[in-house]
Each structure stands twice: as C-alpha cells, then as structure tokens.
Amino acid sequence: MNKKEQIITALNKKVEGDSLWKLAHSFKESGMNDQEMYALFDGLREKYEAESNEIKYNIILDTMDYISDWCPPDKKLFKKKHQYKREKY
C-alpha cells in the first residue's frame, strides 16, 4: 500500500483530530522530508475539499499544520530552527 492509500485508510478507520499524526510521524521516520510530506497531504486536502468532506478535510489541514510547524511544540513533526536576522545598532 502506498503512502496516499495509507492516509485514506487511516481516515476511513478513525476520524479524529490527531488521527494522522502517528502515520505522518512514521513517514518522517522512514525518511520522508517535510516538503514531500506537505505535498502528499496537500494533494489529499484538494480531494476532500472537492468532495465537501469537511471532517476529513479538517483532519488533513491539522496534519499539514503539524508538518509546517504551525502547532503546539509537542505536535511538531519537524523541528525547524527559525533564523532571525538581528539588526546592529
């Protein structure tokens, strides 16, 4: 089963806010980077948006937040180091 099929299967089994976090984490552990993962979930976001499946659509969006670092620290899938340019005075 490919990764897209794994996501669809997980969505069909258990529909909760964090239901895809563990699956996404396993993708990361197998070597998938954040850009590849974000693109994968974004494709499914479009699918569920077109089908007007709001629950699954929102779960996909939540998972994309975990991938993109837009979530609580304990849910982040990729620890990104933000670099800020400091101005010298």
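The values are calculated or read from the model by the stated rules, or taken from the named source; none is laboratory data. Everything numeric in this text was worked out from a predicted model, so none of it was measured. Cβ coordinates were reconstructed from backbone atoms using ideal geometry, including for glycine residues, and neighbour counts include every protein chain displayed.
Per-residue answers, yes or no, for (1) outside any loop (DSSP other than H, G, I, E, B); (2) surrounded by 10 or more Cβ atoms within 10 Å (Cβ to Cβ); (3) touching a strand residue (DSSP E or B) at 6+ places or on another chain (Cβ under 7 Å); (4) modelled with pLDDT under 90:
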residue	(1), (2), (3), (4)
R45	yes, yes, no, no
I55	yes, yes, no, yes
D65	yes, yes, no, no
K79	no, no, no, yes
Y89	no, no, no, yes
| note | Here the residues within the range 67-77 that are in a helix (DSSP H, G or I) and within 10 Å of the chain's Cα centre (by Cα) are I67, S68
